[in-house]
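A quick write-up on the structure given underneath.
The values are calculated or read from the model by the stated rules, or taken from the named source; none is laboratory data. What you see is a predicted model; the values in this text were computed from it and never measured. Reconstructed Cβ throughout: ideal geometry from the backbone, glycine too, with neighbour counts over all protein chains shown. Quick note on the areas: whole protein, heavy atoms, side chains included, nothing else; ligands and nucleic acids left out. Shrake-Rupley method; radii C 1.70, N 1.55, O 1.52, S 1.80 Å.
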Amino acid sequence: MSHSLNRRQVLKTGSAAAGLACFSTSTANGQATPSQKFRTAHIGVGGMGGSDLRSIASHGSVEVAALCDVDAMRLAEAAAKHPNAKTFTDYREMIATLGDSIDGVVVSTPDHTHAPAAMAAMNAGKPVYCQKPLTHEVVEARRLREVAEEKNLVTQMGIQIHSSRAYRQAVLMIQDGVIGKVKEVHAWSNKNWGYDKPSLPEPAAAPDHLNFDLWLGTAADREYVPGVYHPGQWRKLIDFGTGTLGDMGVHIFDTPYAALELTAPNWVKTDCRQPTGVGHPERNVVEYEFPQTRFTTETMKWKWYDGSFAPPSPSEVGLPEGTQLPGQGSLFVGEDGHLLLQHIADAVLFPTEKFKDYKRPEVEGESHYHQWVDACMGKGKASAPFSFGGPLTEALLLGVVANRFPNQKLLWNAEQMAITNHEAANKLLRSDYRQGFEVEGLS
């Protein structure tokens, strides 16, 4: 099976298309006047991609112009709802072919294709909405942020609840100083997107409706394994997903990371089982230390728990015995109290008697999707651009790297973009792309 575009098509997708404007009368960063239609191209239209497609298409100014999926059944289902959209199996062909007839690109693929697809779109000068976590690898997150800023493109990472009322209010409460400076954050999810077995089931032929070669994309070639790679278990595997930490951690890290204005961690360490080379651990405890910000104490400790390690015990996080902790959430430990943020719910302050008269800041929720479309059309700003999503993803993925080296503290130098004390871990910050799937700016 041929998986390569010809040289001219690859160059067009990678760099020659970068000079194309997003609208015939658009500004340099793809913003248009509100009277114009915003023509979207969607990469991945099943599962979360289907949800993203519905939410983006619900904006009154959006015209769905193109759909792309490696699964013919999912592509046909989406095309039936958007009969005027052009359909593709290969996102590289879609971007190279459509050029200035699309205005923005939505990436809703498995994690390992986020960065290649998003970068191909940005190389063509397109604003991008990309599902979380922004990338599969640390270096990819840095490069997407840098290119988005270099090209002044409107971008948004798909952490939809970032724009919810409850989470926006929690950010304001922390920054209002309700619990004083924060010295610890505890965050957790009892989901299990791990795989502890030492090997996968026996391979078999891929179904006729799936182009498995294109599904693999940049990843190393291998045989298809039914019920594992597609449609849903890839999150558990180190080559394609980022485990529970990447799947749910990015949602639950988001609010503390934003509220405390965190930057890059000083170090990260994971307590988990020994690596198998196949899947992410089924349960982890990941510790970080972050440098001081205006909302934290001199150093700030962060602890993540997932799988059966979640939630932590109340006494472990400084709450009264008998306190019911949710299955997913985060806890800010401040100098003057605690703030518990259940996923997804209003914040709860401890001790309750102390804060019973506290007046919460008033804030409204917004559509994360519509916010991106509006920003592309020159109305307002995206709240989770790659300038925010990139550093957040970098920090998150350092924890994913650390679960390959249990109980070893990995020292991080963000300026050098290097793990300075562990060469084997440092080599996992990026991987080589498969021949034929190289992307300018990433390969």
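Brief remarks on what is shown
- For the peptides 322-328, 351-357, 264-270, residues were scored by their other Cβ atoms within 10 Å and the scores averaged per peptide; the highest-first order is 264-270, 322-328, 351-357.
- Comparing Leu53, Leu398, Leu172 in a Gaussian network model of the chain where C-alpha atoms under 10 Å apart are linked, the largest mean-square fluctuation is found at Leu172.
- Helix-only [θ]222 nm of the chain, DSSP H runs n ≥ 4, -39500 (n - 2.57) each, per residue, nearest 500: -8000 deg cm²/dmol
- About the centre of its Cα atoms, the stretch 48-131 shows a dipole size close to 100 debye [charges on the beta carbon of Lys, Arg (+1) and Asp, Glu (-1) only; nearest 20 debye].
- Note: the chain, Cα convex hull, 138 Å³ per residue.
- Centre separation in Å (Cα based) which lies between the stretch 63-131 and the stretch 261-301: 34 Å
- When you filter the trypsin sites (Lys or Arg not before Pro) in the stretch 281-311 for DSSP loop state and at most 14 other Cβ atoms inside 10 Å of their Cβ, you are left with Arg294.
- Centroid-to-centroid separation of the stretch 417-439 and the stretch 157-180 [C-alpha atoms, Å]: 33 Å
- DSSP bridge orientation in the chain - percent antiparallel, rounded to nearest 5: 55 percent
- Applying Stokes-Einstein at 37 °C and 0.692 mPa s to the Kirkwood radius of the stretch 326-443, computed over alpha-carbon pairs, gives a translational diffusion coefficient of 174 µm² s⁻¹.
- Compared with the dominant Cα axis of the chain, that is its longest principal axis, helix 165-175 is turned about 50°.
- With the Kirkwood sum run over all distinct C-alpha pairs, the stretch 126-240 has a hydrodynamic radius of 18.3 Å.
- Dipole-positive endmost among Gly47, Tyr224, Val154 within the chain (Cβ charges, Cα centre): Val154
- If R0 equals 25 Å, the separation of the Cβ atoms of Ser51 and Arg165 corresponds to a calculated FRET efficiency of about 0.80.
- In the elastic network of the chain, a GNM with C-alpha springs shorter than 10 Å, the most mobile of Val250, Val45, Val228 is Val228.
- Placing Tyr288, Tyr91 in order of accessible area, with the largest value first and a 1.4 Å probe, yields Tyr91, Tyr288.
- Sorted peptide list for 55-67, 123-135, criterion being average Cβ within 10 angstrom, highest first: 123-135, 55-67
- Using a cut-off of 21 Å between Cα atoms, the listed pairs Lys37/Lys379; Lys191/Lys381; Lys37/Lys81 include Lys191/Lys381 as exceeding that distance.
- Of Gly389, Gly337, Gly399, the one that fluctuates the most in a GNM where the chain has Cα springs shorter than 10 Å: Gly337
- Annotation: for a label point projected 7 angstrom from Cα along Cα→Cβ of Ser199, residues of the stretch 273-287 with backbone N closer than 19 Å are 275-280.
- Cα-based equivalent ellipsoid, the stretch 172-221: semi-axes from gyration tensor eigenvalues, Å: 46, 17, 10
- Each of Thr255, Gly279, Ser308 was placed along the dipole of the stretch 248-335 (beta-carbon charges, centred on the mean Cα), and the one lying farthest toward the positive end is Gly279.
- In Å², nearest 10: area of Ile238 left accessible to a 1.4 Å probe: 20 Å²
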